[in-house]
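Worksheet: one structure, shown below.
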2 protein chains.
Amino acid sequence: MLKFNYEEYVKTCHEVVNLFSNIEKVVDEVYNKGFQNIFFISSGGSVAEMLPLERLFKNHSTIPVFLENAGDIVLTGNKHLTKESIVLMASKSGDTKETVAAAKYCKTIGSTIVSLVGVQGSPLASLSDYVIDNHSKYMEHTFINMYVFAHRMLFNNGEYPEYTKFIEHIKKAAIKLVDSFEKFEPVAAKIAKDHYKDDYQIWVGSGTMWGVVYLYAMCILEEMQWIRTKSVTSADFFHGTLELVDETVPVFLIKTMDETRPLDNRVEKFINQFTEKGVIIDPKDYLPAEINEEIASRISPIVMAAILKRLSYHFESRTGHSLEFRRYYRQFAY
Amino acid sequence: MLKFNYEEYVKTCHEVVNLFSNIEKVVDEVYNKGFQNIFFISSGGSVAEMLPLERLFKNHSTIPVFLENAGDIVLTGNKHLTKESIVLMASKSGDTKETVAAAKYCKTIGSTIVSLVGVQGSPLASLSDYVIDNHSKYMEHTFINMYVFAHRMLFNNGEYPEYTKFIEHIKKAAIKLVDSFEKFEPVAAKIAKDHYKDDYQIWVGSGTMWGVVYLYAMCILEEMQWIRTKSVTSADFFHGTLELVDETVPVFLIKTMDETRPLDNRVEKFINQFTEKGVIIDPKDYLPAEINEEIASRISPIVMAAILKRLSYHFESRTGHSLEFRRYYRQFAY
């Protein structure tokens, strides 16, 4: 597989899985102290990674949750953000400017900050009441850690009694994602070959998958490949964006396995009928073995985040545009 | 002015303003009956028009609010949607398929439905507990009606004592928007001339203005002019989309006058530095006379929705692409 170190990946998976008990300890502690609501606050890709959690809680939990962009919240505030709030934040580097500013803001309010950071001792880590180790460079591991956080919270709240089985499955699935990669590899190569010269792509998704779609379009294709995209939810696709489609327009549908899959099916039918450049990616085709339907419906964003990263390498190898290159971001102050 | 009937517009403004007392009656009644939270549920442009309300409540109110796409909510549910919820819905035609389905869904739950509809006796009107007349064809009037709904609610909740002054100003401003149109007309003509051949545009905005930006890009430029767009918040712009910008890329910034204006200022600086195709539209330049700063910060989305509609006509006159033409939407079942 392109740019893939099997041993290193498996080793990292084991490290991630072995730290689940730390996440559980943090969640149990903040849950038992009592709280009013949960805020998900971060910037860019990190807050997009929290979108599935927001949807998950709204579908399955009576705990009030709020998702806020770090850049916004320090200016707008939110009347529900209080010292009784748990704030989940994430930053791989731990020094994302807006996120650090938001952490300082939350501290003045007295909220409890739990953060996922890749660098211990970083500014975000120092500002947090609890730190969850998130050092793996693989995006799917951030999703996994967030899903463990969320489901442990639901479990404590009596809203996910299947938690123990869930964790067992995730532990197995994490390493088995390698099988998903292998299955997706020729598909990724074909997609990159067919689409690396696209001047524009529409990306569509729904439910808990929406965050993955939004993130991939903005933080990978736009930021790392300079490919113009429009990302839109499966519901909104039919209220404007559809009119752009003709047989020459690339439309990518990333299907969810959760409740909103019927909305994706409608988009799929439309794509098959009106463009010759449609790409449908269904996590169902790439699920690690031994994952049952119920758990699959919860973890399909993890699987998708994992295999889409593989697609990035294939785009890179076709376009010759390094995934590492930036002309503005973190290059200088603006 | 292009495609503008002054007498008809002023007449419609008077009709809208004269119905404010009906909105107040509805709000007072549902407020006094008691409720747990407010849901904003609709499809496409109508739910985008509710985005400013969601932000407004989060910034200024302890009332819990939730915004849900009609297509999603019937599939996902939301644990906070109960018979104690007030649901605000909107559909100009009153027969938007997904919105009608969502109204039926809310009815089974027993929530109180308040809807803004343009057609009395339409399916949505029939399903609603309270109907607010929203027959004006001008988008700014939908915003105005929604803002009256929201601020009357805040007033009842002790969170907007300035309500009476606010309403007085809105009543005056509604008709004075004609002055804003006149001021914006040559600017709109120039923007359309410079940009009607664009193959792609980035649209940026923040805070209560984000809904206007999202709506305009998707429901006007994409749906009615088949111009490809990316709409992105001022905060997220710096986490991906910025990398697409060079001196040839059109970037439209629609500034807000609310708390998040500093985020827009940062985008403005970036645009001025890195593209020769930047367009900055600031509602401050087009405010109706006699509107003070505090009220301006609340109503800037109304002013912007109004003047952007003028821009649509200028795009239409340049592209020759009728704003009425659709190839898919409502043309057949898909």
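Within the range A:157-167, the set of residues being without any contact (Cβ under 8 Å) to a residue 24 or more places away in the chain, open to solvent by 10 Å² or more (accessible area, probe 1.4 Å) and either closer than 17 Å to A:GLU29 by Cα or in contact with a His (Cβ under 7 Å, 6 or more places away or on another chain) (or both) comprises just one member, A:GLY158. Cβ-Cβ contacts under 8 Å between residues 6 or more apart (or on different chains), taken from a first residue in the range A:252-263 that is free of Cβ contacts under 8 Å to residues at least 12 places away in the same chain to a second residue that is assigned to a loop (DSSP other than H, G, I, E, B) and open to solvent by 10 Å² or more (accessible area, probe 1.4 Å), are absent.
Please verify whether the range B:116-136 includes one or more residues that are within 14 Å of chain A (Cβ to nearest Cβ) and either open to solvent by less than 20 Å² (accessible area, probe 1.4 Å) or assigned to a helix (DSSP H, G or I) (or both). No, the range B:116-136 has no match at all. Of all residues in the range A:82-92, those satisfying the criterion of being more than 26 Å from B:TRP210 (Cα to Cα), modelled with pLDDT of 95 or more and surrounded by fewer than 22 Cβ atoms within 10 Å (Cβ to Cβ) are A:LYS83, A:GLU84. Only a single item in (1) within 19 Å of B:LEU124 (Cβ to Cβ); (2) within 11 Å of chain A (Cβ to nearest Cβ) is not met by B:VAL87, and it is number (2). Given the criteria free of Cβ contacts under 8 Å to residues at least 40 places away in the same chain, within 24 Å of A:LEU67 (Cβ to Cβ) and assigned by TED's automatic domain parsing to the domain that holds A:LEU308, does A:PHE237 qualify? Criteria met by A:PHE237. Within the range A:275-298, the set of residues being at negative phi and open to solvent by 40 Å² or more (accessible area, probe 1.4 Å) comprises A:GLU276, A:LYS277, A:ILE280, A:LYS284, A:ASP285, A:LEU287, A:ALA289, A:ASN292, A:GLU293, A:GLU294.
Table: residues versus (1) aliphatic (A, V, I, L, M); (2) assigned by TED's automatic domain parsing to the domain that holds B:LEU287; (3) without any contact (Cβ under 8 Å) to a residue 12 or more places away in the chain.
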| position | (1), (2), (3) |
| --- | --- |
| B:HIS151 | no, no, no |
| B:PHE155 | no, no, yes |
| B:LYS183 | no, yes, no |
| B:GLN225 | no, yes, no |
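From the list B:LYS79, B:LYS107, B:LYS58, exactly one residue is in a helix (DSSP H, G or I), open to solvent by 30 Å² or more (accessible area, probe 1.4 Å) and out of contact with any Gly (no Cβ under 8 Å at 6 or more places or on another chain). Which is it? Criteria check complete, one pass: B:LYS107. Candidates B:LEU51, B:LEU67: the one that is of a type in the set (A, V, I, L, M) and within 11 Å of chain A (Cβ to nearest Cβ) is B:LEU67.
Note on the range A:67-76: residues that are open to solvent by 10 Å² or more (accessible area, probe 1.4 Å) and in a strand (DSSP E or B) amount to 2. The residues of the range B:198-209 that are open to solvent by 10 Å² or more (accessible area, probe 1.4 Å) and facing chain A (nearest Cβ under 9 Å), listed by number, are B:ASP199, B:GLY207. Among the residues of the range B:229-281, those identified as assigned to a loop (DSSP other than H, G, I, E, B), touching a helix residue (DSSP H, G or I) at 6+ places or on another chain (Cβ under 6 Å) and within 9 Å of chain A (Cβ to nearest Cβ) are B:HIS239, B:GLY240, B:VAL245, B:ASP258, B:GLU259, B:THR260. Within the range B:210-219, if we keep just the residues that are open to solvent by less than 10 Å² (accessible area, probe 1.4 Å) and touching a residue at least 60 places away in the same chain (Cβ under 8 Å), the residue that is farthest from the other protein chains (Cβ to nearest Cβ) turns out to be B:VAL212.
The values are calculated or read from the model by the stated rules, or taken from the named source; none is laboratory data. If you're wondering where the values come from, they're calculated on a predicted model, not measured in any experiment. Heads up, the Cβs are rebuilt from the backbone with ideal geometry, glycines too, and the neighbour counts pull from every protein chain shown. Just so you know, the surface numbers come from the protein's heavy atoms only, side chains and all, with ligands and any DNA or RNA stripped out. Shrake-Rupley method; radii C 1.70, N 1.55, O 1.52, S 1.80 Å.
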